[in-house]
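Where a number appears in this text, it was derived from the coordinates with a stated rule and is not lab data. Please read all numbers here as calculations on a predicted model, not as lab measurements. Cβ atoms come from the backbone with ideal geometry, glycine included; neighbour counts cover every protein chain shown.
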Amino acid sequence: MHFYLPNFEDLVDPEYDFINDEYSPRREKIGRFQHDQYAHEFFNKPIFDGMLVSKTVVKPATEKRIRTSGNVHTFFRLAKDVPVMGDCGAFTYRDAQIPPYTVKEILEYYETMGFTYGVALDHLIFPTMPDAERSRRLKITLDNAQEFLDQRAALNYQVIPVGIAQGWDATSRRETIQRLLEMGYDHLAIGGMARSSDQEIRETLQAIYPVLPENDQVKMLHLFGVARLSLVPDLMRYGVTSADSASPMRRAFLGTSEDNYWTTNGTRYAAVRIPEVKEGGPKKRGVDSTGEAAVKNGMTMDNMKAMEHETLRLLRAYHAGEVGLEETVTAVLDYDQLHGDKRDHEAAYRRTLKDKAWQKCNCPICEQWGVEVIIFRGNNRNRRRGFHNAYVFYQQFQELVRKQKSTG
């Protein structure tokens with residue numbers, strides 16, 4: 001079973017100046033896409049088996065760069081044997097009457113961009129929709145799937161077609177898989193289940209498994225958005241060959257939970273939020289901007305900046321063993337609590353700083369940048385933490401796959 005990592009143009013400056021919070025001068029000269037690096041470029045071993053790239057993520061300017069570079073493998077600096085799957089990003093147009101593309105457009109996009117696999121043009125279906133709307137969207141998905149195969153054959157394209165099953169329950173998804181098999185698809189996918197419970201996913205796979213041909217006639221069964229460690233044994237048991245998940249990257253900087261930083265033993269930690277002091281700016285996820293915080297607390301921006309710098313200095317000194325836990329926690333909380341009335345991160349931050357999990361990690365991200373990885377602050381730290389999480393997740397994923405294979 002394989003893991004696909006979704007790509008959202010997750011790049012970081014490998015020479016970023018964390019002390020002064022500045023991009024490297026060379027980046028300004030040669031440009032972001034030439035200078036910055038993707039997650040896989042920081043590791044000396046794979047952190048995924050394949051890459052997933054949704055059409056709705058690829059902006060026109062990025063598409064132009066990919067075409068200019070030659071293909072998706074060249075642009076993302078991937079070895080040719082690493083598969084890249086393209087899909088249409090149906091969740092982003094879920095409220096539209098019809099998909100915003102034509103089958104011909106999508107096929108041409110996949111082929112000329114050099115994707116290994118191309119997922120047929122689909123439309124999401126939700127259980128809460130009226131029966132007529134569910135049937136209408138299913139017909140769109142199936143009609144597009146047939147046209148996708150027909151046009152690919154007529155144009156003699158090389159991209160491998162993937163038929164995607166949408167539905168509103170286990171029975172409808174099983175019937176869609178049967179229709180796709182009748183059309184001639186031997187690469188299949190199941191969509192629309194990223195927010196489903198583990199039990200609903202199991203029920204769907206149990207319903208589909210009996211209709212899958214024997215003797216490996218189905219070369220792929222991909223499950224979109226559901227590469228959950230809790231489900232790996234079930235996925236393998238019911239014929240799933242690959243799955244993807246953006247969670248390792250996204251949890252690094254989403255929400256105020258305690259799972260921003262992942263470890264191989266399963267323990268997860270909150271990142272320590274140190275907002276950058278700058279004038280104005282909107283609130284982000286309920287956090288006061290530093291300008292608002294200064295006004296509320298009767299401080300000047302210079303006072304705020306001095307407090308910010310001292311907090312960062314203490315975090316680095318704590319990492320180096322030069323100051324104690326209590327002094328560091330106090331400074332972090334004093335600065336943190338300036339940025340909102342309901343911020344109570346003491347227990348989470350104390351746990352993070354006490355355990356120093358980043359010092360026990362042997363990944364290149366943690367070894368090179370240390371405590372910067374645990375600081376919640378800007379893309380160059382937050383995405384690095386996401387890269388670390390992807391590395392950790394893939395190790396856990398591979399271990400579960402190995403155990404399932406050994407036990408049959």
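Let me check I've understood the local charge: for Gly31, count other residues with C-beta under 12 angstrom from its C-beta, Lys and Arg +1, Asp and Glu -1. What total comes out?
+2
Where does the longest stretch of the chain lie that holds no trypsin sites (Lys or Arg not before Pro) found in a DSSP loop with 14 or fewer other Cβ atoms within 10 Å?
With trypsin sites (Lys or Arg not before Pro) excluded where exposed in loops, the chain gives 95-194 as its longest stretch.
For Lys360, which aspartates and glutamates qualify as cross-link partners when the Cα separation must be under 19 Å and same-chain residues fewer than eight apart are set aside?
Glu258, Asp259, Glu322, Glu372
Which value at 222 nm does the chain reach when only helices count, each DSSP H run of 4 or more adding -39,500 (n - 2.57), with the total divided by all residues and rounded to the nearest 500 deg cm²/dmol?
-13500 deg cm²/dmol
What distance in nm lies between label points placed 7 Å from Cα along the C-beta direction at Asp302 and Ala320?
2.7 nm
If you project the alpha carbons of the chain onto the principal axes, what extent comes out on each, in Å, largest first?
Ordered largest first, the chain gives principal extents of 68, 48, 44 Å.
Relative to the longest principal axis of the chain, what angle (0 to 90°, nearest 10) does the C-alpha long axis of helix 378-407 take?
Relative to the chain, helix 378-407 is tipped by roughly 50 degrees.
Report the antiparallel proportion of the DSSP beta bridges in the chain as a percent, rounded to a multiple of 5.
Values: 6 of 32 bridges.
Rounded to the nearest five, the antiparallel share is 20 percent.
Tell me the angle of helix 198-208 to the major Cα principal axis of the chain, expressed in degrees between 0 and 90 and rounded to the nearest ten.
With both axes taken from Cα atoms, the answer is about 20 degrees.
Which angle from 0 to 90°, rounded to the nearest 10, does the C-alpha axis of helix 170-183 make with the longest principal axis of the chain?
60 degrees
Picking from Ala270, Val119, Asn260, whose Cα lies most toward the positive end of the charge dipole for the chain (charges on Cβ: Lys, Arg +1; Asp, Glu -1)?
Selected residue: Val119.
In terms of Cα to Cα distance under 24 Å, which lysines are near enough to Lys80, apart from those fewer than 8 places away along the same chain?
Lys45, Lys55, Lys59, Lys64, Lys219
Can you list residues whose amide H is under 5 Å from Leu221's amide H, if they're 5+ apart or on another chain and H is modeled 1.01 Å from N?
Residues meeting the criterion, in which the H sits 1.01 Å from N, are Leu188, Thr241, Ser242.
Give the relative contact order (percent, whole number) for the chain; include only Cα pairs under 8 Å separated by 6+ residues. List each step's numbers first, then the result.
On the way: 637 pairs, mean separation 57.5, N = 408.
Relative contact order of the chain: 14 percent.
Using unit Cβ charges (K, R positive; D, E negative) and no other charged atoms, how large, in debye to the nearest 20, is the dipole of the chain about its Cα centre?
Computed charge dipole of the chain: roughly 240 debye.
Under a Cβ-Cβ cut-off of 13 Å, what is the net charge of the residues other than Ala270 that fall near it, where Lys and Arg count +1 and Asp and Glu count -1? Intermediate results must be reported in sequence, preceding the final value.
Numbers: positive: Arg251, Arg268, Arg273, Arg343, Arg350, Arg351, Lys354, Arg385; negative: Glu258, Asp259, Asp336, Asp344, Glu346, Asp355.
Local net charge: +2.
For Lys29, give me every one of the aspartates and glutamates with a C-alpha distance below 17 angstrom, ignoring sequence neighbours fewer than eight places off in its own chain.
Once the sequence-local aspartates and glutamates are set aside, what remains near Lys29 is Asp13, Glu15, Asp17.
Could you check which residue among Ala90, Ala320, Ala227 shows the biggest mean-square fluctuation in a GNM of the chain with a 10 Å Cα cutoff?
Of Ala90, Ala320, Ala227, the most mobile in the Gaussian network model is Ala320.
Net charge around Gly191, counting only other residues with Cβ within less than 10 Å of its Cβ (Lys, Arg = +1; Asp, Glu = -1)?
-1
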